[in-house]
Amino acid sequence: MSGMLSDSKILQTLREKEPLGMDALFERYYRPLVVFAESYLHDLQSAEDLVQEQMVKLWSKQTFAGIVPEALGTFLFTVVKNACINCLDLLHYQIALEEAERLDDSAVELIRGALEKLPDKTRLVVTVVMLQEKMYKEAAEELGVSVNTVKTLLKQGMRELRELLKDKQELIFYFYLLHAECREQNPIYDHL
């Protein structure tokens, strides 16, 4: 390529579905986007993979139709930033799930013991909503209380659990994870 195309020309060729547009986009933005992504991911190979993946997605979905030339750079950096954040969130979530799956019997006993210390109605609400995964309305009908009572008791219950487990705060996070993802896969539910 004899010279770098302007953003206006890049967008025009992308809209015409010409490969030259994608080549020009890569030439102009690939390296800066990789450097930007690497500042989030701290891994050059992951940054390169992420940027390539995002550019291919944008090309295949023809996402460039509504972008004005002045906004192309901002658009690309925003897309990459969001992809990096999603990637990091997923990584942290996977690490937390792995930790939750390694809970031993003593951790299960600590959670069960803390649940037993809650007032009866509060414990029932926490159990029905968090462990049985019922919606507020379903929990309210099952327990014969209002939806607002369910919300209030759940909030109080989780606050009390945080206090009861204050020396083991990570267990509260694991408790949330169990509610969110591990119900079918994690035997802790058999013990609670």
Any chance you could check the Cα centroid distance between the range 8-25 and the range 143-159 for me, in angstrom?
-> 56 Å
Arg162 accessible area, nearest 10 Å², 1.4 Å probe?
-> 90 Å²
Just reorder Val126, Val145, Val35 by solvent-accessible area, largest first, 1.4 Å probe, all chains present.
-> Val35, Val145, Val126
Among the lysines, which fall within straight-line cross-link reach of Lys117, defined as a Cα-Cα distance under 17 Å, with same-chain neighbours fewer than 8 residues apart omitted?
-> Lys155, Lys166, Lys168
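Using a 1.4 angstrom probe with every protein chain in place, what is the largest-first accessible-area order of Ser146, Ser60?
Details: Ser146 55, Ser60 85 Å².
Final ranking, largest accessible area leading: Ser60, Ser146.
Quick one: pull the percentage of alpha-carbon pairs in the range 5-64 with a separation above 12 Å. Mind showing how you got there, number by number?
Numbers: 1142 of 1770 pairs.
When all Cα pairs of the range 5-64 are counted, 65 percent exceed 12 Å.
Take the alpha-carbon positions of the range 47-91, form their convex hull, and give its projected area averaged over all directions (one quarter of the hull surface) in nm².
Working: hull surface 13.1 nm².
About 3.3 nm², averaged over all directions.
At a Förster radius of 25 Å, what calculated FRET efficiency corresponds to the Cβ-Cβ distance of Glu142 and Leu91, to the nearest 0.05?
Numbers: r = 37 Å, r/R0 = 1.48.
With R0 = 25 Å, the Cβ-Cβ based efficiency is 0.10.
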Spin-label point model (7 Å from Cα, Cβ direction): what's the Arg162 to Lys9 distance in nm?
-> 5.7 nm
Percent carbon-and-sulfur accessible area, the range 1-57, ignoring ligands, DNA and RNA, probe 1.4 Å | 51 percent
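The values are calculated or read from the model by the stated rules, or taken from the named source; none is laboratory data. All figures in this text were calculated on a predicted structure; none of them were measured in a lab. Ideal geometry is used to build each Cβ from the backbone, glycine not excepted, and the neighbour counts take in all protein chains shown. Ligands, DNA and RNA are stripped out before the accessible areas are found, and what is left, the full protein with its side chains, is counted by its heavy atoms. Shrake-Rupley method; radii C 1.70, N 1.55, O 1.52, S 1.80 Å.
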